[in-house]
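Taking it in order: structure first as structure tokens, then the write-up.
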Amino acid sequence: MKTKYWSVDNDVNSEKNYPQIVEAAQLIKKNEAVAFPTETVYGLGANAASDEAVAKIFAAKGRPADNPLIVHIATFQQLEQIAVDISEPAMKLMHTFWPGPLTLIFYKKPGAVSDLVTAGLDTVAVRMPDHPAALALIRESGHPIAAPSANKSGKPSPTTAKHVLDDLDGAVSGIVDGGPTGVGVESTVVDCTVEPPVILRPGGISKEDIEAIIGHVAEDPAIANAESKPKAPGMKYRHYAPAAPLYLVDGEQQWIQRLIDEQMKAGLKVGMLAPGETASLYKADVVVPCGSKADPKRSAQTLYQALRSFENKGVDIIYSEVFPRAGVGAAIMNRLEKAASHRCIKQPMKDQG
Ligand code: AMP
Ligand code: MG
């Protein structure tokens, strides 16, 4: 299929932009799948009520059918159409962080969204994205829009329209290009069907931010422990990964350089991912800087671009420094650990300088 392309800026109601949003929304109304920008990453959207439409998302991405989708809404009325039993803490979170990078899990209203969206669960994941083009598209299409990230399943999520086209050109009906996304990692997913609520996936809103509003929240043990079974079905899959094997390396810069040197001596082409503070110190075949230890928000913004930039460079192995875990750093480390299939090489005590 030919993928239609529209380019809009944040002034979505302008004479230039609005007709393009209307065209994209017409495709959603015809049960087609269309990629669009959100503040986290690009989404691949379709009418959440239609089996036919939602099936196109799974087909284009090659996404396993047991991994449910987040439903994107533009108004609180749309939440009432699809979810029931909304708890007091959930109300507080919505009113604080929506629109924004926070997904809440509720019991679903029977029949309101396609069973493909929820992968047969009795719950539904919902968020209101903080992006004018996303909100305008949802409003204009007249439907809540189911949308996972607009990448091939398993690949790093797309933070530019070019990333989407690299993965899905010809496989989706259209793409709305709204420029690079702001947050750069996906939303935080919080299960609000239990008390206290449980973080199932760290993301754009930190645990600290959430606890400041509703007090203690739990965390799915599977986030820290690769052996336990995650409550968010999608968290069990290897994800966010470049083609070459990735290893986290936790130690001093000189020790990491020695690991790189050993691999290069053995004839391997080595990639290195590191924050701006140390990136320029490494000698490897491909060195990619990612934000800065002092500015986790910037590291989050550039993480997926950095992981994608190892593609087509012919590297055999990629090492990545570990990043601080505070705030959005929890999401950065969660994505890196998944991309690395939890492989982490720690500097032995005896080698520490
Ligand atoms: P993505 O759409 O790729 O950002 O992934 C959405 C994440 O939310 C995946 O990890 C899903 O497994 C998770 N998710 C979606 N719906 C539910 C649900 N009803 N219960 C638990 N996790 C969910
Ligand atoms: Mg995804």
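At-a-glance table
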quantity: Calculated FRET efficiency for the pair Glu88/Lys30, C-beta based, R₀ 35 Å, to 0.05; calculated: 0.30
quantity: Unit charges on C-beta of K, R, D, E only; dipole of segment 80-193, Debye; calculated: 60 debye
quantity: Positive-pole candidate from Ala218, Pro19, Gln352, dipole of the chain, charges at beta carbon; calculated: Gln352
quantity: Tensor-based shape of segment 1-48 (alpha-carbon gyration tensor, a/c under 1.5 rounded, otherwise prolate or oblate); calculated: oblate
quantity: Surface share of carbon and sulfur [accessible, 1.4 angstrom probe, percent] for the chain; calculated: 53 percent
quantity: Ranked by how many other beta carbons lie within 10 Å on average, peptides 37-49, 282-294, 178-190 from highest; calculated: 37-49, 178-190, 282-294
quantity: Among beta bridges that DSSP assigns inside the chain, antiparallel share in %, nearest 5; calculated: 40 percent
quantity: Cα-based shape type of segment 113-237, given that a ≥ b ≥ c are square roots of the gyration tensor eigenvalues and the cut on a/c is 1.5; calculated: prolate
quantity: For segment 156-303, convex hull of alpha carbons as volume per residue, Å³; calculated: 174 Å³
quantity: Phi to ³J(HN,Hα) by Karplus 6.51 cos²θ - 1.76 cosθ + 1.60 over segment 235-251, Hz, x for Gly, Pro; calculated: 6, 7, 8, 5, 8, 6, 9, x, 5, 7, x, 10, 10, 6, 10, 10, x
quantity: Summed side-chain charge close to Ser173 - residues other than Ser173 whose Cβ falls under 10 Å, Lys, Arg +1, Asp, Glu -1; calculated: +3
quantity: Size of electric dipole in the chain: Cβ of Lys, Arg +1 and of Asp, Glu -1, about Cα centre, debye, nearest 20; calculated: 760 debye
quantity: Positive minus negative residues near Val183 (Lys, Arg vs Asp, Glu; Cβ under 9 Å); calculated: -2
quantity: Distance in nm between pseudo-label sites at Arg298 and Asp261 (7 Å out along the Cβ direction from Cα); calculated: 3.0 nm
quantity: Cα centroid of segment 239-280 to Cα centroid of segment 151-196, whole Å; calculated: 26 Å
quantity: Fully extended contour minus Cα-Cα distance, from Ser7 to Thr96, at 0.36 nm per residue; calculated: 29.0 nm
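The values are calculated or read from the model by the stated rules, or taken from the named source; none is laboratory data. Model, not experiment: these values are computed from the prediction. In this analysis, Cβ positions are derived from the backbone assuming ideal geometry, glycine residues included, and neighbour counts consider all displayed protein chains. Keep in mind that these areas ignore ligands, DNA and RNA; they rest on the heavy atoms of the full protein, side chains included. Shrake-Rupley method; radii C 1.70, N 1.55, O 1.52, S 1.80 Å.
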